[in-house]
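The values are calculated or read from the model by the stated rules, or taken from the named source; none is laboratory data. Keep in mind that this is a model prediction, so the values were computed, not measured. All Cβ positions, even for glycine, are placed from backbone atoms using ideal geometry, and neighbour counts span all protein chains on display. The protein model used for the area step is the full one, side chains on, heavy atoms only, and it has no ligands, DNA or RNA in it. Shrake-Rupley method; radii C 1.70, N 1.55, O 1.52, S 1.80 Å.
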Amino acid sequence: YLFGEHRLATVGPVRAERASGWQGDAYVIETMDEDGVLLRERWQVIEAGAVLKRNVEFSESGEVVYTVTQTFDSVAGPG
């Protein structure tokens, strides 16, 4: 595993292997279920810390079948 953490994650009857750690300036979390479906999340702080970017990718048999990118802007809270 390329990352610093590797463990077995369970949610009810679902079991998956999870590895996570830093890859360059991004924190990457990879979760593979018992059927070999890989969920890869890539988190980055960009634009001088004003934006958090999350890229989510699902792969089956080494082929990306779904991807989405979310951005979260930093805004001052109340008070």
| field | Label-to-label distance, nm, for residues given as GLU17 and ALA50 (7 Å Cα→Cβ offset) | value | 4.2 nm
| remark: To the nearest Å², the heavy-atom accessible area per residue of the chain with 1.4 Å probe amounts to 73 Å²
| Within a Cβ distance under 11 Å of ASP73, other residues only, what is the Lys/Arg minus Asp/Glu net charge? | 0
| remark: Expected unfolding gain across LEU8-VAL64 under the 0.36 nm per residue rule, minus the alpha-carbon gap, is 17.9 nm
| note | In Å, the Kirkwood hydrodynamic radius from C-alpha pairs for the chain sits at 14.1 Å
